[in-house]
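**Student:** Next up is a structure, given as structure tokens.
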Amino acid sequence: MTGREPGSATDAGQRGLEPDWAGWYPGRWRTELAELDATGWNYRLGVDAGLVRVDIDWPIPPGLPGSAPAERSGRPADPAQVDEASPAGDAGSQVCRIQVVFPHEYPFFPPEVRDHDDRLGLRRHRGPLGVLCLLEPEDWNSDLTVAALLTRQLPQILAGGLSPDAPPAGVEVQAPEPVGLRLGHATADIALIMADARPPTDVTEGALLARFYVQMSRHIGPGIVEAIYAPGYEHPGPRPAHEHGYPLLVPGRWARDAAFDPNASPEQTWTRLESRLHPVELIHEGPADATHDDGTAGADGAGADGAGADGAGVDGAGADAADAEGVRNASEDLEVLCLLVPSEQGYREPGEGWVALLRANLEPSPKYHYLQVQAMGADLDGGRTRFVRDLRGAHVVVVGIGALGGHVATDLARAGIGRLDLVDGDVVDIQTACRQFAPTAAAGRTKVETLGGHLRSQRPGVEVRAFHRHLGRVSRRDALDATERDRLEEALRTADLVIDATAAPAVTRYLAALRQAEGKALLHVSGTAGGWGGCVYLYRPGGGCWACLQHHRADNAVPIPTADPDGMVNTGCADSTFTGTNADLATIAHHGSRVALDLLDGGDGLAGGSPSVLDVAHLRDRHGRPQPVRWDTRPLPVHPACPLHVTVALEPTNPPNEATTSVPGGADSHRARDGS
Ligand SMILES: [Zn+2]
């Protein structure tokens, strides 16, 4: 800490206390110091984590609160300050110590301004550790100096920030300040994930059930609240996939707490509520439940007896405790308390928000933490993605989970598709990580389970089924897995959409015939050798079928995507494979996803009014040089020479009066069929 008299002309740079950005903008640094000198404020220069800091004794304007230190508890001392005398103490009670830290990228970005001692008693615009919310970063103007910022802005946020009910100041940041923003000083670096449940306002407390991730280091990771209970009320939360390691079942309580003080420590808050809340009664059921069909053990047995005078009960708690090595008994080692507390919903819009506390019952004394609260649920997606309709009712099968199908499946899961079936007979080969999801830890596992598990862990609301099968390949497993095979065929027939990303012509012909016979849509996504181009082809009943497309191609009536003449490689004894970069192939795949999502959302799959459509991508020129992607889109009518529109390929769905002889059909015969 370097002492500095107000108005001193000492050049701070000579003492080495010059911000690194001053090397680029020496004039700016001189201006900052000159303007600070001109204010008459007492200030000192220091260094904070390698960044130059200015400590300012800011005189609180007369008539504003702050003459006495606000009474605060539980706030830990700033380690940078513990050895230093508080200059505010000497300067009198009308002075507030303001710390200003310049970012490395100053003056393109605003300085961080902290009200270190909370002497202003702000209820808004003061984050964890006292960081003040003065300006939106995008509102920062590089011409502003620290002296100008504090002179102009501080009195205004004082006016608007003293109370959540105070009238807004003219320039205050117009963003909601949920209560979680103020808990940073005691928040663990793990989150509790929960649905945005809102129990009825007349219910004050209840039970909940959470599962925690257990890391290899045996530390706990994030938790997921599976359900929140109260008498006559149950709100199911997201369900973690058991295989993804949320084995630690932790019962908990929740309560409404209008008296919540964000400045209190988690221990103080817990202790204050302990006597008020009814205890959760644990009912141990002995060994863990059998694993359920969905792979989630134990969770189905959980239920609450209610939170009335008899106390809340959570059945099944602790059933999986033995899964977490090193944890003696989950239900005794950890406890969760979730509070519904006053919190801004929108800018200056009062409401309720969740705060989560964790107590770890360690020796010799328990440890308390706030947990970050993160909301999850398909019903929340609309806030970010603005879907016209939600897609939870949609069922899609993706066949071929490779460089194209993997991207498509991921897009659909992120979009919140209700049911997603993945079909692929391959296993993860880490050499393919250059263009698909292939974590080294999954080498040798089936592709469908690897990607399926990943998608389930990201999107617990999406029902993902994995079919490890090569369609059409004779397999001894088939005899054993007849049920699975039947399930798959049922899905291929009845799904809202089947997406073929196999690059296997026989599979494409099979799927095309199956879907055509069922009168249902098929989407085909493929890249050419080298990934120089690709096709996205959508079939819908009444439009040109896969065989029609081949006829149109023979007529040179549809564009042909660019291909690398040397784009096929044989990397070993396995099937030869296409070359192609992820960026090129993903471009084709994402277009396929957009077509699929539009179709599922009630659109026509970007087909411009035509039932079937072909989109051809040219990603590289004929020398293989990348170019801006050019899409050639053609409606795909039924081809007059295509026999499939009068000959039904699959017997089981053949209407009894349908002709089965192969007759070269004309446009008229198509119309007759389509109209029936
Ligand atoms: Zn056809």
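**Student:** Between ALA554 and ALA375, what FRET efficiency comes out of the Förster formula 1/(1 + (r/R0)^6) with R0 = 45 Å and r the beta carbon distance, rounded to 0.05?
**Tutor:** In this case the efficiency is close to 0.25.
**Student:** Rounded to the nearest 20 Debye, what is the dipole magnitude of segment 385-642 about its Cα centre when Lys and Arg each give +1 and Asp and Glu each give -1 at the C-beta?
**Tutor:** Roughly 240 debye, rounded to the nearest 20.
**Student:** What ranking do 266-275, 496-505 get when scored by the average of other Cβ atoms within 10 Å per residue, highest first?
**Tutor:** For the peptides 266-275, 496-505, the packing ranking is 496-505, 266-275.
**Student:** Taking R0 as 22 Å, what's the FRET efficiency between ALA443 and SER217 from their Cβ-Cβ distance, rounded to 0.05?
**Tutor:** That gives a FRET efficiency of 0.45.
**Student:** Working out 0.36 nm times the residue gap between GLU490 and TYR347, then minus their Cα-Cα distance, what length gain in nm do you get to one decimal?
**Tutor:** 46.5 nm is the gain from fully extending GLU490 to TYR347.
**Student:** Say R0 is 30 Å: what FRET efficiency, to the nearest 0.05, do ARG594 and ALA479 get from their beta-carbon distance?
**Tutor:** Efficiency for this residue pair is about 0.15.
**Student:** With only Lys, Arg, Asp and Glu charged, each at its Cβ (+1 for the first two, -1 for the last two), find how big the charge dipole of segment 420-500 is about the Cα centre; round to the nearest 20 debye.
**Tutor:** Computed charge dipole of segment 420-500: roughly 240 debye.
**Student:** Each label point is 7 Å from the Cα along the Cα-to-Cβ direction; what then is the distance between the points at ARG198 and SER457, in nm?
**Tutor:** Computed distance between label sites ARG198 and SER457 equals 3.3 nm.
**Student:** Subtract the Cα-Cα distance of ARG622 and THR151 from 0.36 nm times their separation in residues, and report this length gain in nm to one decimal.
**Tutor:** 163.2 nm
**Student:** With an 8 Å Cα cut-off and a minimum separation of 6 or more residues, compute the relative contact order for segment 455-605 in percent.
**Tutor:** 18
**Student:** For segment 519-614, what is the relative contact order in percent, using Cα pairs closer than 8 Å and at least 6 residues apart in sequence?
**Tutor:** Contact order relative to length: 36 percent.
Here, each number is a calculation from the coordinates, and none is a lab measurement. None of these values were measured; they are calculated from a predicted model. Quick reminder, even Gly has a Cβ in these numbers, built from the backbone with ideal geometry, and neighbours come from all protein chains shown.
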